[in-house]
Structures are given as C-alpha cells and as structure tokens.
Amino acid sequence: MIKAVKGTRDLLPPATVAWNRVEAVARAVFRAYNYHEIRTPILEETQLFARGVGADTDIVTKEMYTFVDRDETSLTLRPENTASVIRAYIEHRLDQRPGVQKLYYIGPMFRRERPQKGRYRQFFQIGAEALGSESPAVDAEVIELVVELLSRAGLSGFQLLINSVGDANCRPQYVERLRQELKSVAHAMCGDCQRRADTNPLRVLDCKVEADQPIIDKLPHITDCLCDPCRAHFDTVKNYLADRGIAYEVRPRLVRGLDYYMRTTFEVVHGSLGAQNSVLGGGRYDGLAESLGSKVHSPGIGFSIGEDRLVMSVEDAQAAEPLDLVIAPLGEPALRHAAVLARDLRRGGLSVELAEGKLKRAMELANKLGARFTLILGEEEMAAGRYALKDMASGEQRQVTREELAARFGGN
Ligand SMILES: [Zn+2]
Ligand SMILES: [Zn+2]
C-alpha cells in the first residue's frame, strides 16, 4: 500500500471544515484592511531563498527540498513565502502602484523538519506583507490585523510579544557588545551557542537549551542599545497599540537572526501548543528588497501564521457543517425529477444530497449524514405535486408543494 509521504498528511472532511472556516475569516479580515491576495509559484530558484532567508539559517542549510532541474537550474520548494512575495514585488514593479502595497497569501510551504506535534513537512501559512512604508502606524495596523484575525478565527488566551531589533545604525554595536559578553560565558553553553557566539551572536538569544537560559537572561538587552530614531519608532508603535487597547509584552530576547530584520518584531504564543507554542511570527525587514535586487528602497513589514497550529487550536470548538436536505427519489422517473429539484434548491444556497435506492437506506444515510430534513419523492408525490418533508430532529413529517419548499428554502 502506498501511503502519504512522511511529514505530510491528508486533510479529510470534516477537518477541512475548520480549515475553510479559518481561511474565510482570514480573507474577510484581509479585505477589511485593504489587503489583496498574491499567489506565487511553489517552486523558486534556490538562490532566492539563500539570499532572502539567509544562507546560514537552519531552513536553508538543513530543511529545504532542493533539486536540480533537467536544465541544471537548482530549484527549491518554497520554505516560506516572504522572499517569493518580494521577488514578485520587484519583478512586476509593484512599487510603482499607488499607496502601501498590502499583499496576503494562503498556501503550503515545505521544510524537511523532524516531525512533531503540529509540525509538518508540508505545512500551511497564512501571511501578509505591507510594502513601501517605514511608518510605525503601519506596524501597529499590521499587529492589530493579526490580533483581529486570530480572535475572529476563535483563538483565545493568546499572548502578543513585541520587540525592536534596531537598525543598521545601532544593531551592529549591540551585536558587538553581545559578542564581547559572550567571550567569557560561551564556553559553558551548548555547541550551537559556542559556534554562534562569534558568527551570529543574535541567534544565541534564540537558543532553547534549558541549561543556557540563565546565562542568556544575563546578556545585555537590545532595547537598552537602540539609537534615538529606533527608540522613537518603537515607542510610537507601543503608543499606537495602547490607543487600540491591544495588550502586549516586550520581550527583549525576541530577535531574528537575519540581517534584514529591522526594528519591530512580534510573535504570538498560545498555551495549548506546549513548548512549540508560537502561532505567528512577524517583523519589519526594511533591507530585504534591496538584498534581493530592488533598485528602490522598499521597506516592509509582514507576518506568517502557522495555519496547521491555528486550526489545531480552534477546531475542537467547531461543529461540522450541517447538511440541509437529503432527497430520496423512489424509482427512475422520480430520480430525474429529484435531480432537477436538487439543482434548483442548490442554486438557492441549500446543501443537498441525492440518495438513490431503497427508502430505508436513504433514511439511514440521512441520519448518518446529520441531515436536517429528508424529502421523499415517489410516483404518487410527483402526480400530486406534493412532497413528503421529514424533519429529522423531531421526526415530524408533512406534505409540501414545490412552492412551499421553495419559499421555505429559498429555491425557485
Ligand atoms: Zn545554546
Ligand atoms: Zn537604530
């Protein structure tokens, strides 16, 4: 028997109901904030991610699905979507369109991670990028949007963490300070930290090794090292969040080890997910477009939500989509009549299933499918122009004309 590839999974009904619900909420929220959908290819040239995600990140060095195409081009299944969106933004000169470009995406990403709870090698992200502005008002609006989206999707009890990681002016000095401090303590830390203490000290702050935590807690905070413009930007973002009544916690350790991340970073964590509790990560990346070849300065901010985890956190509370009506036609002429009736009712917005065969089997099926009503349609009913409509919850059955049926269910 051939099974789904390790780390991938089939999403089956009724679980797909929760997925569609979350996506419908996301699209409605994006529309309200004037975001528009972008769909980029799942395949990109490998160098896009090496440059856009960072050549020395775990994603690029260990987790990408990369292969050489028949023409010798190295291609990669996208491990995330920000680099692709920026590539499309540059390629199609979206910077020339009016206003801040607000783009959202929903789709699968691919990383060859060790499978664990809520983590898959094909996983889904809901994300967005706002390109063309450095304003802290955009940061606050993006954060407001994610809080709105998660709340409306049904997630409760989540926590918003924010930080500023400075910019090209102040961060190098902080990194140097960190590097100096680490010289005296790195020998007591894990292997990754010892290596990163010199090559990429910021990433030491990401370390999850328990024994390293007390050492990391004593390291200097980036929020104490911000230059005046970065501090003013961060203070303004915090004020704008306060105006909106959005609760947050400043987490000085919330940094991203990639050079193009600047100023605002944020993350949303949720208790039900255990140690791997991040539902969403985002931040400002004012230098990314230039590093991918943009001739114009295109500051931006974005985020991505782990849709698998979000759905997992909210789906318990969701009920399956009910089926409105099962039509049980008795015999071939009734089946043809029922098929046309079903079409008309479906056009009217009803969910309808047509159950061929014996009446007893049709009623059993209607019960198993959780149908609200069953309509019995035989030669007699056709001749009389009246159908037998049974309410499956109460068991009550009554005769209805086609017009009454249409009036009741909105068909024609
Ligand atoms: Zn460590
Ligand atoms: Zn700065």
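The values are calculated or read from the model by the stated rules, or taken from the named source; none is laboratory data. The structure displayed is predicted, hence computed values, not measured ones. Neighbour counts run over all protein chains shown; Cβ positions are idealised from the backbone, glycine included. Side chains included, ligands, DNA and RNA excluded: accessible areas come from the protein's heavy atoms. Shrake-Rupley method; radii C 1.70, N 1.55, O 1.52, S 1.80 Å.
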> In region 348-366, what residues are assigned to a helix (DSSP H, G or I) and either surrounded by 12 or more Cβ atoms within 10 Å (Cβ to Cβ) or touching a helix residue (DSSP H, G or I) at 6+ places or on another chain (Cβ under 9 Å) (or both)?
Replying inline: 359, 361, 362, 363, 364, 365, 366
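Would you mind listing the strands (runs of 3 or more DSSP E) fully within region 246-322 where at least 2 residues are open to solvent by 20 Å² or more (accessible area, probe 1.4 Å) and at pLDDT below 85?
none
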> What is the residue count in region 368-405 for residues that are part of a helix (DSSP H, G or I) and over 39 Å from the mean Cα position of the chain (by Cα)?
Replying inline: 10
>> Looking at region 206-243 only, could you name the residues that are hydrophobic (A, V, I, L, M, F, W, C), touching a residue at least 24 places away in the same chain (Cβ under 8 Å) and near ligand 1 (Cβ under 10 Å from one of its atoms)?
In response: 215, 216
>> Filter region 386-402 down to the residues that are open to solvent by 40 Å² or more (accessible area, probe 1.4 Å) and either more than 20 Å from residue 360 (Cβ to Cβ) or of a type in the set (S, T, N, Q) (or both) and list them by number.
In response: 386, 394, 397, 398, 399, 402
>> Which residue is surrounded by the most Cβ atoms within 10 Å (Cβ to Cβ), if the candidates are limited to region 215-230 and must be assigned to a helix (DSSP H, G or I) and within 16 Å of ligand 2 (Cβ to nearest atom)?
In response: 222
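Which residue, of 335, 405, is within 30 Å of residue 12 (Cα to Cα), touching a strand residue (DSSP E or B) at 6+ places or on another chain (Cβ under 7 Å) and hydrophobic (A, V, I, L, M, F, W, C)? Show your work before the answer.
On the way: 405 fails: within 30 Å of residue 12 (Cα to Cα).
Just one listed residue meets the conditions, 335.
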>> Please pick out the residue among 128, 188, 153 that is within 30 Å of the chain's Cα centre (by Cα), over 27 Å from residue 63 (Cα atoms) and away from ligand 2 (no atom under 16 Å from the Cβ).
In response: 153
> Does region 167-174 contain at least one residue that is in contact with a Gly (Cβ under 7 Å, 6 or more places away or on another chain), more than 9 Å from ligand 1 (Cβ to nearest atom), at pLDDT 90 or above and not hydrophobic (A, V, I, L, M, F, W, C)?
Replying inline: yes
>> Please verify whether residue 176 is farther than 30 Å from residue 312 by Cα, assigned to a helix (DSSP H, G or I) and touching a Leu at 6+ places or on another chain (Cβ under 6 Å), treating the condition exactly as stated.
In response: no
> What about residue 168, is it within 16 Å of ligand 2 (Cβ to nearest atom), in a loop (DSSP other than H, G, I, E, B) and under 22 Å from residue 136 (Cα atoms)?
Replying inline: yes
>> Yes or no: region 53-72 includes at least one residue that is part of a helix (DSSP H, G or I), open to solvent by 70 Å² or more (accessible area, probe 1.4 Å) and hydroxyl-bearing (Ser, Thr, Tyr).
In response: yes
> Exactly one of (1) away from ligand 2 (no atom under 16 Å from the Cβ); (2) open to solvent by 30 Å² or more (accessible area, probe 1.4 Å) is unmet by residue 212. Its number?
Replying inline: (2)
> Looking only at residues in region 129-158 that are part of a loop (DSSP other than H, G, I, E, B) and of a type in the set (Gly, Ala, Ser), which one is surrounded by the fewest Cβ atoms within 10 Å (Cβ to Cβ)?
Replying inline: 157
